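Below: the structure, in structure tokens.
The values are calculated or read from the model by the stated rules, or taken from the named source; none is laboratory data. Here the structure is a predicted model, which is why all the values come from computation and not from measurement. Cβ placement follows ideal geometry from the backbone for every residue including glycine, while neighbour counts extend to all protein chains displayed. For accessibility, only protein heavy atoms count, side chains too; no ligands or nucleic acids. Shrake-Rupley method; radii C 1.70, N 1.55, O 1.52, S 1.80 Å.
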Amino acid sequence: MKRTLYIPDELWTQLDQYLKDHPEQNPSSVVQAALAEKLRPKNGSKLLSLAGIVENAPTDASVNEDYLMAAEAKEQSQALESTDASVNEDYLIQG
């Protein structure tokens, strides 16, 4: 199936330059790859893991409100535990 797309001159100029640098591609392959990337479901688990925020996130972590709230509550709990530990350590050092 063929479709007609409007591409502004500025983008077409950029596409022309890209195709000169990548002669193995054509306008259709570039548009198809761009659409596939834009439309694929986002999976934030690898990014969250990389950031060290969570170890195992569900694939819908970025849009799962229940998961996000639970993760935030866990983070706050860990912060409080860390604060308590540092206060207790200071007390032990001074005592």
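Quick notes
- Applying the set (1) at pLDDT below 90; (2) in a loop (DSSP other than H, G, I, E, B) to Q78 leaves exactly one unmet item: (2).
- Taking first residues from segment 26-42 that are modelled with pLDDT of 90 or more and partners that are open to solvent by 90 Å² or more (accessible area, probe 1.4 Å), the Cβ contacts under 9 Å between residues at least 6 apart in sequence or on separate chains come to P27/W12; V31/L5.
The rows are residues; the columns are (1) under 30 Å from A71 (Cα atoms); (2) in a loop (DSSP other than H, G, I, E, B); (3) among the polar types (S, T, N, Q); (4) open to solvent by less than 90 Å² (accessible area, probe 1.4 Å).
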{"residue": "T4", "(1), (2), (3), (4)": "no, yes, yes, no"}
{"residue": "I7", "(1), (2), (3), (4)": "no, yes, no, yes"}
{"residue": "W12", "(1), (2), (3), (4)": "no, no, no, no"}
{"residue": "D16", "(1), (2), (3), (4)": "no, no, no, yes"}
{"residue": "L19", "(1), (2), (3), (4)": "no, no, no, yes"}
{"residue": "E24", "(1), (2), (3), (4)": "no, yes, no, no"}
{"residue": "S28", "(1), (2), (3), (4)": "no, no, yes, yes"}
{"residue": "A33", "(1), (2), (3), (4)": "no, no, no, yes"}
{"residue": "P41", "(1), (2), (3), (4)": "yes, yes, no, no"}
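- Residue match in segment 43-63 (condition: at pLDDT 85 or above, loosely packed, with under 13 Cβ neighbours inside 10 Å and part of a helix (DSSP H, G or I)): no
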